[in-house]
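These notes are about the structure you will find just below.
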Amino acid sequence: MKTFCKNNLRDFYCRRILKYGGMRTLKKAVVDIDNTLWHFCGPLYERLKKINPAFPPPEFWINWNFWMQYCSEDEFMGVIHEIHLNQDDDMNLPYSEASDFLLRLKENGFHIVIASHRRTESLARTRRWLLKHDLVFDDIHLSFDKTVLFDDACHMVIDDSPFVLEKAAERNIIASGLSFPWNKDAKNNGYRLFDSLGEILRHVLENSKRE
C-alpha cells in the first residue's frame with residue numbers, strides 16, 4: 001500500500017503512518033471531493049450564470065436536480081467537466097479543515113479512497129490538486145457509480161450527495177457529510193450531516209469505534 005502526500009512537513013506523519021499503521025489498514029473510508037473537500041458550488045454557480053443569468057444561487061438549490069429548468073443536461077455536465085479539468089487552478093482551494101481531516105482518518109487506520117463523479121480525463125489534475133494541498137489519500141476512484149466501493153471493507157462514506165449517502169446507509173456503512181440545501185431534507189434517511197469537517201470527523205471516529 002502506498003499513501004500519497006506532498007513532500008513537505010507532513011511527510012513525517014505519512015512515514016509514521018506507513019511504518020506503524022499502514023500495513024494493518026483494513027478499514028476503508030470513501031471520501032468525496034466536491035462540496036466535501038472544497039466549495040465546488042461556488043465556481044459552479046459562477047459558470048452556470050453565464051449560461052443562464054436566471055440561475056439561483058446555491059442557497060436555493062434545494063434538490064439534486066435544481067438545474068433542470070435552467071439549462072440542458074449537456075450544458076450542466078459540460079460546466080462540471082470544465083471545472084474538473086481545471087481542478088488544480090490556484091483559485092480552487094480546499095476547505096481549511098480538509099488536510100487535517102484526511103490526516104486524522106489516516107492516523108486512525110483508514111485506507112482513504114478519494115471518490116468523485118468525474119470523467120477519467122480529469123485524473124491527472126485531480127491528483128495534482130490533492131498533492132498540491134497536502135490532502136492525504138491511498139487511492140483515487142473517478143466514476144459515476146461510487147456504490148461499487150461499498151464492500152465489506154468500507155467503514156464510512158463522506159459525501160454531499162443524498163443518493164450516495166442513502167445507499168451507504170442502506171448497507172450499514174457510516175454515512176455523513178456537510179450540510180447543504182440539496183441534502184438536508186433527507187438527513188433522516190440513515191445519514192448524519194454537519195456544518196464542518198471537524199464535526200464529521202468526531203462523529204465518524206466515535207461511531208467507527210463502536211463497530
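The values are calculated or read from the model by the stated rules, or taken from the named source; none is laboratory data. Remember, it's a predicted structure, so these values are computed and weren't measured experimentally. No Cβ is skipped: glycine too gets one built from the backbone with ideal geometry, and neighbour counts run over all protein chains shown.
Annotation note: of 99, 143, 122, the sole residue that is of a type in the set (Gly, Ala, Ser) and under 24 Å from residue 207 (Cα atoms) is 99. Looking only at region 91-111, decide whether some residue is under 16 Å from residue 139 (Cα atoms), among the hydrophobic types (A, V, I, L, M, F, W, C) and surrounded by fewer than 18 Cβ atoms within 10 Å (Cβ to Cβ). No, because not a single residue in region 91-111 is under 16 Å from residue 139 (Cα atoms), among the hydrophobic types (A, V, I, L, M, F, W, C) and surrounded by fewer than 18 Cβ atoms within 10 Å (Cβ to Cβ). Screening residue 145 with (1) farther than 22 Å from residue 62 by Cβ; (2) surrounded by 15 or more Cβ atoms within 10 Å (Cβ to Cβ) gives one miss only, at (2). Can you tell me which residues in region 1-59 are over 22 Å from residue 148 (Cβ atoms), at pLDDT below 95 and aromatic (Phe, Trp, Tyr)? Within region 1-59, 12, 13, 20 qualify.
For region 143-203, list the strands (runs of 3 or more DSSP E) that sit wholly inside it and hold at least 3 residues that are under 19 Å from residue 117 (Cα atoms) and touching a residue at least 24 places away in the same chain (Cβ under 8 Å); which are they?
Where strands (runs of 3 or more DSSP E) fall fully within region 143-203 and carry at least 3 residues being under 19 Å from residue 117 (Cα atoms) and touching a residue at least 24 places away in the same chain (Cβ under 8 Å), they are 154-158, 174-178.
Scanning region 69-88 for residues that are more than 12 Å from residue 50 (Cβ to Cβ) and among the hydrophobic types (A, V, I, L, M, F, W, C) yields 76, 77, 80, 83, 85. When residue 128 is tested against the conditions (1) surrounded by 14 or more Cβ atoms within 10 Å (Cβ to Cβ); (2) under 16 Å from the mean Cα position of the chain (by Cα), the lone failure is (1).
Evaluate the following for residue 78: is it on the phi > 0 side of the Ramachandran plot and more than 16 Å from the chain's Cα centre (by Cα)? In short, no.
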